[in-house]
Amino acid sequence: MGANVDSTLGVNRSPHAKGPVWQPRYFDRIVRDVREYHKTMGYMHLNPVLRGLVSKPEDWLWSSIHS
(Lines give C-alpha, C1' and ligand atoms only; values in the text may rest on other atoms or scores of the structure.)
Protein backbone atom coordinates (compact mmCIF):
# COMPACT_ATOMS: atom_id res chain seq x y z
CA MET A 1 0.00 0.00 0.00
CA GLY A 2 1.04 3.60 -0.52
CA ALA A 3 2.08 5.96 2.27
CA ASN A 4 -1.21 7.91 2.07
CA VAL A 5 -3.33 4.78 2.43
CA ASP A 6 -1.17 3.48 5.29
CA SER A 7 -1.41 6.84 7.09
CA THR A 8 -5.18 7.03 6.66
CA LEU A 9 -5.66 3.50 7.95
CA GLY A 10 -3.43 4.26 10.95
CA VAL A 11 -5.34 7.41 11.86
CA ASN A 12 -8.70 5.72 11.38
CA ARG A 13 -7.76 3.02 13.88
CA SER A 14 -8.07 5.59 16.67
CA PRO A 15 -11.48 5.56 18.39
CA HIS A 16 -12.74 8.99 17.27
CA ALA A 17 -11.31 9.27 13.74
CA LYS A 18 -13.04 8.29 10.55
CA GLY A 19 -12.82 9.24 6.90
CA PRO A 20 -10.20 10.73 4.60
CA VAL A 21 -7.04 12.31 5.98
CA TRP A 22 -5.58 13.73 2.79
CA GLN A 23 -7.16 16.38 0.59
CA PRO A 24 -7.80 15.55 -3.06
CA ARG A 25 -4.95 16.13 -5.47
CA TYR A 26 -4.66 19.56 -6.98
CA PHE A 27 -4.38 20.16 -10.69
CA ASP A 28 -1.89 22.70 -11.91
CA ARG A 29 -2.78 24.94 -14.80
CA ILE A 30 -0.70 27.20 -16.97
CA VAL A 31 -1.10 30.96 -16.59
CA ARG A 32 -2.61 31.90 -19.93
CA ASP A 33 -1.98 35.63 -20.28
CA VAL A 34 -0.44 38.70 -18.65
CA ARG A 35 -3.68 39.69 -16.94
CA GLU A 36 -3.98 36.28 -15.28
CA TYR A 37 -0.30 36.45 -14.29
CA HIS A 38 -0.85 39.78 -12.49
CA LYS A 39 -4.02 38.48 -10.83
CA THR A 40 -2.17 35.39 -9.57
CA MET A 41 0.82 37.38 -8.32
CA GLY A 42 -1.51 39.82 -6.55
CA TYR A 43 -3.25 36.91 -4.83
CA MET A 44 0.07 35.40 -3.76
CA HIS A 45 1.42 38.68 -2.41
CA LEU A 46 -1.76 39.80 -0.65
CA ASN A 47 -2.76 36.45 0.85
CA PRO A 48 -0.62 36.81 4.03
CA VAL A 49 -2.10 40.30 4.53
CA LEU A 50 -5.68 39.11 4.01
CA ARG A 51 -5.10 36.27 6.48
CA GLY A 52 -3.85 38.73 9.11
CA LEU A 53 -0.33 37.33 9.22
CA VAL A 54 1.35 40.65 8.29
CA SER A 55 0.21 44.20 7.68
CA LYS A 56 2.04 44.69 4.34
CA PRO A 57 3.03 42.16 1.66
CA GLU A 58 6.68 43.19 2.10
CA ASP A 59 6.56 42.00 5.74
CA TRP A 60 6.06 38.35 4.69
CA LEU A 61 9.60 36.94 4.71
CA TRP A 62 8.87 34.12 2.26
CA SER A 63 7.18 36.29 -0.38
CA SER A 64 8.44 36.52 -3.93
CA ILE A 65 7.70 40.24 -3.72
CA HIS A 66 11.30 40.65 -2.52
CA SER A 67 12.76 39.50 -5.83
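The values are calculated or read from the model by the stated rules, or taken from the named source; none is laboratory data. Predicted, not measured: the structure shown is a model, and the values here were computed from it. Ideal geometry is used to build each Cβ from the backbone, glycine not excepted, and the neighbour counts take in all protein chains shown.
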Inset, instruction - Of the conditions (1) in a helix (DSSP H, G or I); (2) modelled with pLDDT under 80; (3) surrounded by 11 or more Cβ atoms within 10 Å (Cβ to Cβ), Asp6 clears all except one; give me its number. - result: (3)
Inset, instruction - Select from segment 52-65 the residues that are under 18 Å from Tyr37 (Cβ atoms) and either surrounded by fewer than 13 Cβ atoms within 10 Å (Cβ to Cβ) or touching a residue at least 40 places away in the same chain (Cβ under 8 Å) (or both) and list them in ascending order. - result: Ser64
Inset, instruction - Of the numbered conditions (1) at pLDDT 95 or above; (2) assigned to a loop (DSSP other than H, G, I, E, B); (3) in contact with a helix residue (DSSP H, G or I) (Cβ under 7 Å, 6 or more places away or on another chain), Val49 fails exactly one; give the number of that condition. - result: (2)
